[in-house]
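J.: So that we are looking at the same thing, I have put the structure below in structure tokens.
The values are calculated or read from the model by the stated rules, or taken from the named source; none is laboratory data. The shown structure was predicted, so the numbers you read here are calculated from the model rather than taken from an experiment. Don't worry about glycine lacking a Cβ; one is built from the backbone with ideal geometry, like all the others, and counts go over all protein chains shown. These area figures cover heavy atoms from the full protein model, side chains too; ligands, DNA and RNA do not enter into them. Shrake-Rupley method; radii C 1.70, N 1.55, O 1.52, S 1.80 Å.
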Amino acid sequence: MVEFLKPVTLLRLAVATSFSCCVVVLYWTTASIGISGRNSDDSLSFGVPHVYYSENSLSERALFRYGNATLALHQAQASNAMSARAGVNGVKATHATAPTVTGRSQNACLVTSYGTDGIGHQLEAKLSCIAVAAASRGQLSYAHRPMDEAQHGANASKAEDFFGVGHAVPKLPYAVAYDAGTMITRERSPLPFMGVCHETSWFDSGIRGPACKKAASGSEGRRVVFQADNCFDEFYCSVISKDQGGAAATWRKKVLPVLRGALFRTIDNRTLVSSQHPGILLVSAHARRGDGKTRGASGAHLQSIIRGLGRAWNGRVNVTIHTDGHTKEVLEEIGTIDEDGRINVRALGSGDGVSLEAACLDIIRADVFLASDSSLSRACGLYRNQDPSTVVHPSSAFLPPHLLARFGWTVAKTEDRGKGVKTERYDVAAGGFVDVTNDFWAGIVGRNTAVQIGQKGTWKLRVDWSSLSPVSALAREITSAMAHCDSSKGARTFKHLGGGVGMNLHTWALGLCAAMDGGKIILTQNPWRWMDERICANEEHPMLCYFGDHLPEANCEGADSWSDAAKTFLDHFETCPRYMNERRSVGDFMGAAMEYLFQSVRPEVIAEAERQAREAFPEGLPDPNNMVTVHMRWGDKPGEVGEKTPAEYFVTGVKRFVQMKGLGGSSPVHIYLASEDEVAIRAFGEKAPRNWRIHTSGPTGKGWIFQMMSGSNGLASLGALLLSMQSNHYVLVTTSNWSRLINELRMNVVDPRCSNCTQMIDLHPGQWPHQHKDGKITFDSFFGTSVDPAAGADFH
């Protein structure tokens with residue numbers, strides 16, 4: 001019998017024709033209708049989301065009230081301890097472009113961050129205000145003032161362009177661009193030291209409420225923007241501390257994908273400092289020296305942690321230390337890590353031609369990041385989408401450790417107690433520091449990184465599904481159309497059908513096409529039985545459950561009340577001749593629609609795919625060239641399409657790839673078998689050669705879709721879908737919506753990013769809706785008959 005690799009506890013892989021997937025989104029809620037102060041129980045905070053992890057923090061334990069000097073990576077001169085507050089009206093005008101203040105930011109009280117400290121401090125300050133505004137659910141909005149001046153010889157304009165926060169503003173929740181012609185700044189005061197939560201803050205309801213009310217009266221003729229160096233007081237003392245970890249998950253879902261999209265808009269692999277390789281643990285560290293030496297990670301601290309990671313990891317460990325100090329001195333501080341050369345440590349600084357921006361990017365991409373007590377460390381760490389515990393932050397004298405720990409970061413301290421160096425970590429449950437064990441470091445390197453303890457393989461997906469720019473012209477056209485919020489044009493509302501996930505996504509695409517044909521946006525409406533209530537219990541728009549903020553539901557506030565919004569697509573579908581015609585086929589639009597939809601997938605779906613990968617492929621994901629994805633749609637499908645494609649056809653299809661492409665060789669052939677039907681999985685195994693390695697994951701049962709409808713199966717199905725895209729070879733049945741979905745993502749997402757590296761054999765061609773030779777579209781079924789691959793099924 002063929003060896004199957006499927007954990008006992010694992011839901012089986014995805015799906016049937018109709019078993020496409022769902023969508024999940026977290027809500028930010030406030031504890032009351034009004035935003036109250038930091039010292040009250042109803043303070044501004046994120047509502048606790050139903051999610052199984054929290055994410056990176058944006059913290060900076062500012063040494064001073066108005067901005068501590070941050071050296072970041074450039075060797076710099078020591079500066080005065082306190083920088084001047086930049087919160088008054090006389091500040092020089094910025095070069096921001098005029099905003100379009102509509103929708104969610106129209107009536108909000110505006111806050112901003114502006115200063116002239118180091119780049120790291122300014123970036124973290126702006127991120128703190130973005131987070132505070134996002135948490136307010138529209139009561140506050142962030143007005144972006146670009147960085148235009150910085151200390152330590154840094155190029156503020158270059159950094160502004162690189163990180164691209166201004167580019168992200170149109171898509172950020174509750175954000176606008178600052179416009180000196182239509183806005184006027186007023187000092188936001190008082191502003192307590194970072195981490196000092198008992199002092200009065202402007203965000204306290206007794207100060208903020210009257211100030212915002214007066215600003216809303218419009219007596220000054222221009223919109224008032226309340227400005228200070230940062231929003232650290234509200235961010236650390238309220239948003240994080242009273243959210244019990246939910247702020248991190250919400251940041252990860254709502255804000256981080258937008259910021260990362262702006263950051264990576266012009267970056268390719270040539271920009272990167274370190275290369276990622278399967279089997280190598282990639283560690284990035286920031287050794288803050290210069291004027292911040294007392295707050296940097298010490299050599300002993302770095303040595304202890306790197307050794308711990310090395311003990312936990314059986315393979316090579318590559319460590320890159322970014323510093324503003326002398327690299328030779330930093331390496332001498334750290335000393336010898338190991339004797340066998342398995343752990344490679346290098347130090348880089350501005351003298352090595354590594355810019356602050358390139359170093360930050362290296363930090364963002366690393367499997368594990370060892371931070372300094374520095375704004376730059378925390379700002380770069382905030383951009384990471386790995387598990388938050390993979391950021392190891394030193395204990396700070398200015399921010400209590402529980403604040404950072406609630407963001408999910410690991411807070412550690414290293415001390416020499418006379419009997420040798422000892423490293424401890426802060427434990428939220430214990431309320432203090434506890435010993436760090438080898439098992440703890442093993443958990444860090446195995447948690448949501450590119451690798452897992454004791455294994456040489458990798459479980460990192462080939463595509464970053466959190467941020468994909470549309471490639472095809474039609475997908476870009478869809479993206480542009482759905483980003484245009486115009487109440488005069490109206491919206492269309494789509495309610496999901498009772499079928500499988502794949503069918504639901506394709507019928508949604510038909511609704512999308514009809515909405516675009518009429519110049520409108522499309523909204524989705526509850527209920528949707530595939531929506532996982534654990535992670536999006538209160539989501540009003542089901543597609544936001546699993547997909548990102550590029551959808552109009554996230555960007556067009558109040559669209560539910562627009563005229564002509566109430567159209568439900570059920571058993572009757574409208575044609576869209578502008579997009580489905582003689583020139584553009586049904587397949588063209590469907591592929592572009594899925595490319596548009598999957599350009600930003602929620603972190604929970606990606607985490608589910610990686611979880612399944614670890615369980616289904618215990619030795620790591622194989623090379624895509626040595627892997628075949630097979631989708632068998634049995635269950636209730638044969639009754640719909642008139643026949644069941646035999647198991648031997650699927651096996652023969654794989655054999656054709658093995659023979660024609662020379663798969664296997666000295667390595668086994670890996671089959672990722674996607675099926676909702678346990679009978680089909682057994683049948684394939686009985687027909688397959690014994691030397692094939694068959695892997696399965698995702699939901700399974702008798703294959704009756706209506707019996708499998710649940711939110712957990714929806715999430716598991718989408719995770720399995722992403723996992724199925726790891727192959728370069730596919731054996732599908734396009735009478736199935738699920739096979740068509742796989743094929744659409746293959747052609748529109750994977751192929752453009754791998755120089756058309758994939759091929760597909762279609763064992764049962766089908767099309768729905770049916771496009772006739774004259775270009776006319778009818779919504780009936782068009783199914784061919786199963787094709788025996790032994791008789792020469794074509795490669796596509």
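J.: Counting only residues 5 or more places away or on other chains, whose amide H sits under 5 Å from the amide H of Phe226 once H atoms are built in the peptide plane?
T.: Amide H neighbours of Phe226: Leu110, Val111, Thr112, Arg186.
J.: Short version: ³J(HN,Hα) in whole Hz for each residue of the stretch 310-317, in order, from phi by Karplus 6.51 cos²θ - 1.76 cosθ + 1.60 (θ = phi - 60°), x for Gly and Pro, what are they?
T.: Ordered by residue, 3J(HN,Hα) equals x, 5, 7, 9, 7, x, 6, 10 Hz.
J.: Between Asn756 and Asp427, what is the label-point separation in nm under the 7 Å Cα-to-beta-carbon projection?
T.: Taking the two extended label points, one gets 5.8 nm.
J.: Could you sort 575-587, 513-525, 150-162 so that the peptide with the highest average Cβ count within 10 Å comes first and the rest follow in order?
T.: Put in order of decreasing packing, that is 513-525, 150-162, 575-587.
J.: Using the structure shown, list the pairs from Lys213/Lys489; Lys158/Lys254; Lys422/Lys460; Lys460/Lys644 with a Cα-Cα distance above 28 Å, or answer none.
T.: Beyond 28 Å between Cα atoms: Lys213/Lys489; Lys422/Lys460; Lys460/Lys644.
J.: May I pose another question? Taking square-rooted eigenvalues a ≥ b ≥ c of the alpha carbon gyration tensor, is the stretch 117-208 rounded, prolate or oblate, where a/c under 1.5 means rounded and, failing that, a/b exceeding b/c means prolate?
T.: Note, shape of the stretch 117-208 comes out oblate.
J.: Going by accessible area, probe 1.4 Å, with all protein chains left in place, what is the ranking of Thr758, Thr182, Thr327, largest first?
T.: Thr182, Thr327, Thr758
J.: If eta is 1.306 mPa s and T is 10 °C, what Stokes-Einstein diffusion coefficient results for the stretch 332-415, Kirkwood Rh from Cα pairs, in µm²/s?
T.: Answer, rounded: 111 µm²/s.
J.: Oh, and also: Non-local amide H neighbours of Ile280 (under 5 Å, H modeled in plane, Pro and chain starts lacking H): which ones?
T.: Counting only residues 5 or more places away or on other chains, the set is empty.
J.: What is the distance, in nm, between label points placed 7 Å from the Cα along the Cα-to-Cβ direction at Gln659 and at Thr200?
T.: The answer from the label model is 8.5 nm.
J.: Also, I was wondering about something else. Which whole-Hz ³J(HN,Hα) couplings does the stretch 467-480 yield from phi under the Karplus relation 6.51 cos²θ - 1.76 cosθ + 1.60, θ = phi - 60°, glycine and proline marked x?
T.: 8, 10, 6, x, 9, 6, 4, 5, 5, 5, 5, 5, 4, 5
J.: Between Lys213 and Ser488, what length in nm is gained on full extension when 0.36 nm per residue of separation is reduced by their alpha carbon distance?
T.: 96.0 nm
J.: Compute the distance in nm between two label points, each set 7 Å from the Cα along the Cα-to-Cβ direction, one at Glu619 and one at Gln707.
T.: The two pseudo-label positions are separated by 3.5 nm.
J.: Stretched out fully, how many nm does the piece from Glu533 to Asn438 gain, at 0.36 nm a residue minus the Cα gap?
T.: Length gained between Glu533 and Asn438: 30.6 nm.
J.: From the backbone phi of the stretch 134-139, what are the Karplus-calculated ³J(HN,Hα) couplings (6.51 cos²θ - 1.76 cosθ + 1.60, θ = phi - 60°) in whole Hz, Gly and Pro given as x?
T.: Values per residue, Gly and Pro as x: 4, 6, 7, 6, x, 7 Hz.
J.: Could you pull out every residue, at least 5 positions away or on a different chain, whose amide H is within less than 5 Å of the one on Ile522? Hs are placed 1.01 Å off N in the peptide plane, and Pro or chain starts have none.
T.: Arg492
J.: Moving on. Structure shown: which of Lys661/Lys687; Lys171/Lys253; Lys171/Lys520; Lys214/Lys253; Lys126/Lys171 lie over 23 Å apart, alpha-carbon to alpha-carbon? Walk me through the numbers on the way to the answer.
T.: Numbers: Lys661/Lys687 21 Å; Lys171/Lys253 13 Å; Lys171/Lys520 19 Å; Lys214/Lys253 33 Å; Lys126/Lys171 16 Å.
Violating the 23 Å Cα-Cα cut-off are Lys214/Lys253.
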